[in-house]
Structures are given as structure tokens and as C-alpha cells.
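Taking it in order: structure first as C-alpha cells, then the write-up.
The values are calculated or read from the model by the stated rules, or taken from the named source; none is laboratory data. Since the model is a prediction, treat every value here as computed from it, not as a measurement. Quick reminder, even Gly has a Cβ in these numbers, built from the backbone with ideal geometry, and neighbours come from all protein chains shown. Side chains included, ligands, DNA and RNA excluded: accessible areas come from the protein's heavy atoms. Shrake-Rupley method; radii C 1.70, N 1.55, O 1.52, S 1.80 Å.
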Amino acid sequence: MKRPLALFTLLAFANATLMPPAYAQRRPRRGEAEEPQEDSGEETPEGSRDRAPTGGVDRRTGFELELHGTLATQIGRPFVLRGTAYEVRGLATLRPLPRGRVVVYEIDARGNRSEQPLAEGTAADNGRFSLSISPRRTEIEVVVREGRAERSWRYSVTFTPAARYELLTDRQLYEPGETIHGWLRVVDAASAAPVRGKPVQWVVGGESGAARLGQSRTTTSDAGVASVSVAIPSSAPDGSVPVVAVIDGQRTATAVRIGRRTVERVFATLTLDQRVVSPSAQLTGRVSVSTPSGTPVSNAAVSLLMNDRPAATLRTNREGVATFSVPAPAYLSDPIARVSMFATVNHPAYGSIAASSSFTMARIPFELESVVATGALVPEVPGTVYLTLSTPTGEPAPANIGITVAGPAIAGGRARVTTDRHGIAAVPTRLPRNAAARHDSGPCDGRTATSFDVTVESEVPLASRLCVPASTSATVSPRVLNPVANAGARIEVAIDRGPLAAGRPVSVDLLHTAPQQSATAVLASTVVSPGETRASITLPRDYVGPLLVRARPVGGDGVAEGTGATDALLVRPARSFALALSADKDLYSVRETARITARTPAGLEGAHIAFVARDLAAHGGERTWSLEWLRSPTPRRPTASGSFAARSRR
């Protein structure tokens with residue numbers, strides 16, 4: 001199995017080469033060891049030779065460097081450069097370089113290093129060092145130095161954007177003569193805090209000439225928001241119009257369309273009475289048809305499709321409603337599946353419209369999933385596997401449902417647990433060293449894992465075999481004791497060592513991966529001594545969202561780091577809140593003013609709120625006006641949405 005260490009470690013290593021005397025006085029090139037000089041016997045103030053000694057296979061022939069972590073950061077933010085400095089003895093013998101100087105420089109576009117160092121420090125007695133750097137250029141040079149002997153290495157730094165830009169328009173489709181309203185929110189990519197006082201250059205339409213509809217220059221407010229309004233000429237042709245915002249050289253763009261809007265003369269809704277049905281069970285519901293003002297539309301023809309197959313043909317009654325009772329499909333390939341239904345409505349006076357809905361078909365009462373707290377079980381180390389029991393619609397199962405789990409990672413081979421009110425049950429584990437392997441078939445095909453045989457004690461018993469991933473090369477495991485914390489808080493991390501890591505120090509890193517980025521930055525780092533089992537880390541005040549804590553054992557020489565394991569935590573904004581909207585009426589007359597109230601917690605005076613009201617009769621093809629704080633690829637991400645509709649009185 002490929003070791004996860006390869007994802008996090010940069011190793012710069014090359015055998016030192018002895019050069020002829022003719023080259024002894026020249027400076028080494030980039031990445032080349034300082035050549036041995038003739039020993040003068042003079043001592044440096046540190047008590048070591050300022051030139052490499054000659055004679056013998058144990059003479060120093062150069063330096064080497066190993067970096068732990070990644071060279072990635074957000075623009076303008078510091079990150080931790082951590083590693084180990086070595087001295088090379090003979091041809092290829094590495095020994096930690098005690099008390100060596102480590103200096104970091106920036107490299108300009110011409111390849112020259114800066115006069116002033118970016119950071120510098122002294123390595124510990126075991127050669128380990130940790131420096132906080134804030135580079136502005138994409139290349140740095142790391143110099144390891146003792147006395148007058150030194151060697152340098154150059155590395156590329158990966159920068160990710162320091163800010164996140166979210167550009168919305170109030171509509172997707174505009175008619176000539178209307179006004180395009182653009183809205184840009186600029187937030188810090190790490191903390192999600194608004195970025196205020198930034199100039200924004202707006203361009204709506206083409207870059208020049210008649211195609212350009214307008215341009216302006218605005219500044220972000222205290223809420224990090226800038227907006228633009230551009231009127232569309234009445235003679236504007238149909239087509240696509242770009243809306244571009246440029247801030248700090250970063251270009252953010254979207255596109256709208258100019259055309260003729262279709263105003264619906266009829267509304268239709270498809271309502272199902274059951275959310276979950278079994279194969280071949282009866283599904284009941286209704287199709288309601290009305291005008292935008294709410295007047296029922298009778299005698300409209302309704303055609304129902306289920307999974308793109310005809311299901312029923314109906315007619316609306318005097319109330320504009322057509323009811324139905326149809327059988328669900330008889331065949332279900334998966335235990336749980338979503339089924340789509342479509343209703344097509346036709347009326348000779350009002351035209352046609354379509355409506356859709358969906359339901360869940362299920363052969364089992366619950367869905368069972370497993371999650372390892374640290375991502376994978378670590379052999380011979382205490383761990384936890386969380387079993388999640390949910391209904392076919394994704395809601396938590398009731399509390400106190402018994403679950404029996406059997407497998408080699410369970411003490412005694414078997415355990416019984418019960419669900420809490422969230423449908424979650426925690427299973428304590430301790431995986432034996434040889435109880436996990438790479439599987440070539442079954443639910444664990446292609447993965448290194450162990451398996452659990454699980455029985456759910458529900459009204460209809462559910463039995464399943466679960467694949468539980470394992471990391472057979474890891475020997476330590478971290479556990480974040482307060483996995484939900486506020487920015488700037490102090491977290492405690494428990495360190496569990498296996499027998500192979502007993503008595504060894506453990507390095508602990510706090511890692512951050514920017515949303516939709518692959519580069520990982522080291523935010524903080526510490527080393528837990530052999531006699532300690534807990535680490536304390538202070539969270540940065542300007543990072544929110546998910547962070548990772550990684551633990552790796554330090555080798556017997558006190559330097560090299562082994563395969564690590566990770567645990568996650570969620571850092572919340574210090575003042576997170578929910579926003580609630582309400583209207584003063586349920587029904588308004590035409591041209592009547594609707595009063596909308598937004599409710600926030602106390603102390604948020606001066607916050608920016610953007611309201612958008614749309615006519616649902618002319619809403620076809622429009623985008624949802626919404627932004628997300630925490631972006632995640634999880635398919636069952638909870639979402640909240642709402643809509644506001646005004647209808648005219650008859």
C-alpha cells in the first residue's frame with residue numbers, strides 16, 4: 001500500500017560528491033553541497049569547525065534537508081515551514097545537525113535571492129526546526145548553515161486566493177429597458193469575514209464599443225459588498241451579456257441574457273401523499289392547477305409520468321384539482337432509490353405547464369453507514385467507528401435501537417450498542433495488527449480494510465456487512481477532545497500510540513485546505529514528548545470551517561516521521577447566527593406594499609442584507625438567490641430555502 005506520508009513530505013536528498021581541489025574555492029551552486037576545505041584547526045564560536053574536516057570516512061561532506069508538510073498558503077498569510085537539517089558524513093550517512101542555522105530567503109523574477117531573510121532560526125539538538133514565513137513570491141531558498149559552511153535549496157510555493165468572490169445578479173433573463181443589478185460579496189477565504197474598502201471595477205457588456213452597456217467603480221462596504229446598476233437600452237438586441245467585477249487583479253464574472261420573458265398564465269403543483277413507498281404499493285396524490293392570481297383552472301388535461309413511463313391521464317375538477325392513485329414500480333434494483341414523477345398540464349385557454357415531484361422507494365426500513373473517527377482504523381490503537389442509522393428519506397432513526405456488531409476489531413469479537421437521538425451509535429474498536437488487508441472482492445474491493453457484520457434490531461431485522469477502512473502502516477492516532485470550537489480557542493488533542501510507536505515523540509500539525517483547493521497549509525505544529533499523551537494547540541483567529549489535526553510518530557533517531565493519522569474539527573465563526581424572514585401579510589392586492597422583516601440576533605446592527613423579490617409567474621429559468629458558508633461535497637448536505645409570493649385579489 002502506498003504510504004500516506006508521501007502526500008505530506010518533501011525530501012531533498014542527494015549523495016554529496018567530492019570535487020577535485022581545483023574546484024575547492026568556488027561557491028556551491030543551488031542545491032549543491034559545500035565542498036570540503038583544508039582543515040585549519042580554527043574553531044568557530046560554537047565550538048565546531050567552520051570548514052568540513054578532511055580524512056576518514058566519517059568526515060563531513062555536506063548538508064541535507066527534509067521538509068515536513070506542504071509549501072502552500074493563501075496569499076498574504078503566514079504558514080509553518082517545518083523540517084529537519086542533517087549533516088552528511090562520508091558518502092551517504094545522515095546525522096541530525098544540532099544547533100544549525102536555517103535561513104529562508106525569497107527569490108525574485110531574475111533568480112536572485114533577497115538581501116534580507118524572510119525568516120531565520122536555530123535548529124534544535126535533533127536538527128528539527130520550525131519557522132513561520134509569509135512569502136510574497138512563488139519561490140524561496142532555504143539555507144542550512146554552520147559556521148562558514150552552508151548549502152541551499154530552492155522550492156516553489158503554491159498560493160491560493162486570499163479572498164472569495166461571490167457574484168450574483170437579481171435575474172438571469174432581462175428585457176430591453178430593464179436594469180441589471182449586480183451584487184458582489186468579498187469575504188476572506190479562511191475566516192469568511194467581510195473584506196471592506198476594496199475598490200471594484202465593474203464592466204457590464206462587451207469590453208468596448210456599442211456592446212458595452214456600462215461601467216463603474218465602487219468600493220466594498222463594511223459588509224464586504226459592492227453593487228452595480230446598469231440600464232439596458234430599449235434597442236438592445238437579444239443575447240448574452242457578461243457582468244465582470246475586477247478586484248485586486250482578480251476577475252470574477254457571470255453572464256445574463258437579454259430577451260423576451262414569458263409570463264406564465266397557469267400554475268401547477270404536484271403533491272404526493274407518501275414520502276416513502278414499497279415496490280408495487282399504491283401512491284396517491286393530486287395535481288392542482290390555477291392561474292397566477294389563484295383562480296382554479298377546471299377541465300385541464302393532466303398526464304402523469306413515473307420514471308419517464310406513462311402512469312395516468314386525468315382531468316381537473318371545478319376546484320382545479322385532479323387526484324390519482326397509481327402503483328409504484330414493482331422492481332427496485334437498490335435497497336433504496338428515488339423515483340421522479342412529472343405532470344404535464346394542457347388547457348385550450350390557459351396553455352400548458354409542467355410540474356414535478358419525487359418519492360422514495362425502499363425495501364428496507366433503515367439505511368446503515370459507518371464512519372471511522374480518524375478516517376481509518378490504526379492497528380493496535382484504540383479507535384471509534386460511528387454507525388449512522390437513518391430512514392430512507394435521510395432522517396435520523398429513533399433513539400434506543402439496538403445494533404449488534406461483530407468483527408476482529410471488536411473486543412471479544414462482538415458488541416451491542418444503541419442509537420442516540422441523532423441515529424448514531426459509537427462502537428469502540430482495537431484492530432489487531434494482522435486483521436486488515438487489501439481486498440480484491442466484496443464491499444471492500446480495492447481497499448485496505450477490515451469488515452463488520454452488523455445486525456439492526458428493528459421491527460424488520462436488518463443485516464449488513466460493512467467495509468471499515470484501515471491504515472496498516474500507521475502507528476499513532478490523534479483524537480480531538482473538543483471537535484467543535486470557536487476561532488482563537490485552545491483545543492486539546494489526545495495521542496494514542498501503538499506498540500511500534502511506544503516511547504517515541506509524536507509530531508502534531510494543524511492543517512487547513514482551502515475550499516475547492518487541493519493545497520494544504522500547516523497552520524501550527526508541536527511535538528509531544530515520549531512521556532506525554534496530550535497536545536494543546538491554539539487555533540488561529542482568522543480561520544473557520546473544517547480543519548485537520550495530523551499526528552505522526554518521530555523515528556528512533558528522533559528525526560524522521562512515520563505514517564500519520566488525522567482527526568477533524570469544525571471551527572465556527574465567533575458570532576454565527578441564523579437569518580429569519582417574515583411578511584406582514586399572506587395575501588396582497590396589486591400595487592400594495594409588502595413589508596418584509598429580517599430578524600437577526602442582537603448586536604448585529606449595521607450588517608448588510610440583500611433582498612430580492614421575484615414574480616413567480618415570470619420566474620422560469622431564474623437562478624436561486626443563495627450563498628453557502630460551509631461548502632461540502634456531502635450528497636446529503638442539509639439545505640434551507642424559502643420563497644416569497646404575492647398574489648392579486650380577484
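May I ask you to derive the FRET efficiency for ALA337 and ALA426 from their Cβ-Cβ distance with R0 = 41 Å, giving the value to the nearest 0.05?
On the way: r = 29 Å, r/R0 = 0.72.
For R0 = 41 Å, the calculated efficiency reads 0.90.
When the Kirkwood radius is taken over all Cα pairs of segment 175-313, what Stokes-Einstein diffusion coefficient follows at 20 °C and 1.002 mPa s, in µm²/s? Each step should come with its number before you reach the end.
Working: Rh = 19.7 Å.
Here the translational diffusion coefficient equals 109 µm²/s.
For GLU87, list long-range residues whose amide hydrogen, built 1.01 Å from N in the peptide plane, is under 5 Å from its own amide hydrogen.
Residues meeting the amide H criterion: GLU64, ARG95, LEU97.
Under a plain spin-label model, where a point goes 7 Å from the Cα along Cα-to-Cβ, how far apart in nm are ARG257 and ASP238?
Distance between the two pseudo-spin positions: 0.9 nm.
If the viscosity is 0.692 mPa s and the temperature 37 °C, what Stokes-Einstein diffusion coefficient in µm²/s follows for segment 244-383 when Rh is the Kirkwood radius over Cα pairs? Before the final figure, lay out each step's value.
Details: Rh = 18.9 Å.
It comes out at roughly 174 µm²/s.
Calculate the length of the line joining the C-alpha centroid of segment 313-364 to that of segment 373-408, in whole Å.
36
Note down the Stokes-Einstein diffusion coefficient of segment 76-222 in µm²/s, whole number, using a Kirkwood radius over alpha carbon pairs, 10 °C, and 1.306 mPa s.
80
Restrict the search to segment 313-378; then list the chymotrypsin sites (Phe, Trp or Tyr not before Pro) that DSSP places in a loop and that have at most 11 other Cβ atoms within 10 Å of their Cβ.
Hits after loop and neighbour filter: TYR331.
Can you list the residues of segment 189-204 with backbone N under 16 Å from a point 7 Å past the Cα of ARG217, pointing along Cα to Cβ?
Within reach of a label on ARG217, which here means backbone N under 16 Å from a point 7 Å along Cα→Cβ, segment 189-204 contributes 197-204.
Output ³J(HN,Hα) for segment 376-392: one whole-Hz value per residue in order, computed from phi by the Karplus curve 6.51 cos²θ - 1.76 cosθ + 1.60 with θ = phi - 60°, and x for Gly and Pro.
7, 6, 9, x, 6, 10, x, x, 9, 10, 9, 9, 10, 10, 9, 6, x
What Kirkwood Rh does segment 322-453 have if only Cα atoms enter the pairwise 1/r average? Answer in Å.
Values: mean 1/r = 0.0548 Å⁻¹.
Kirkwood hydrodynamic radius for segment 322-453: 18.2 Å.
Would you kindly work out the equivalent ellipsoid of segment 67-126 from its C-alpha gyration tensor and give its semi-axes, the square roots of five times the eigenvalues, largest first in whole Å?
On the way: eigenvalues 127, 46, 29 Å².
In descending order the semi-axes read 25, 15, 12 Å.
Quick one: 3J(HN,Hα) in Hz for segment 325-340, Karplus 6.51/-1.76/1.60 with θ = phi - 60°, rounded, Gly and Pro as x.
9, 10, x, 6, x, 7, 10, 9, 6, 9, x, 9, 8, 8, 10, 9
Could you order ARG286, ARG145, ARG541 so the one with the most accessible surface comes first? Probe is 1.4 Å.
The ranking, largest first, comes out as ARG541, ARG286, ARG145.
Note down the accessible area of THR448, probe 1.4 Å, to the nearest 10 Å².
20
How large is ³J(HN,Hα), in whole Hz, for each residue of segment 592-602 in order, when computed from phi with the Karplus curve 6.51 cos²θ - 1.76 cosθ + 1.60 and θ = phi - 60°, using x for Gly and Pro?
7, 8, 9, 9, 10, 10, 9, 10, 10, x, 5
Tell me the label-point distance for the pair SER357, LEU581, using the 7 Å Cα-to-Cβ offset, in nm and rounded to one decimal.
A separation of 2.4 nm, rounded to one decimal place.
Once you list every other residue whose beta carbon is under 13 Å from the beta carbon of VAL302, what net charge do they have if Lys and Arg are +1 and Asp and Glu are -1? Could you put the intermediate results ahead of the total?
On the way: positive: ARG286, ARG315; negative: none.
After counting each charged neighbour, the total is +2.
Could you list which residues have their amide H under 5 Å from that of ALA163, counting only those 5 or more apart in sequence or on another chain, with H placed in the peptide plane?
ALA189
At 7 Å along the Cα-to-beta-carbon direction for both TYR386 and ASN112, put a label point, then send me their distance in nm to one decimal.
Rounded to a tenth, the inter-label distance reads 5.5 nm.
Would you tally the net charge around ASP567, using a Cβ to Cβ cut-off of less than 15 Å, leaving ASP567 out, and scoring K and R as +1, D and E as -1? Show your work: numbers first, answer last.
Working: positive: ARG479, ARG497, ARG534, ARG550, ARG552; negative: GLU492, ASP496, ASP509.
Here the count lands on +2.
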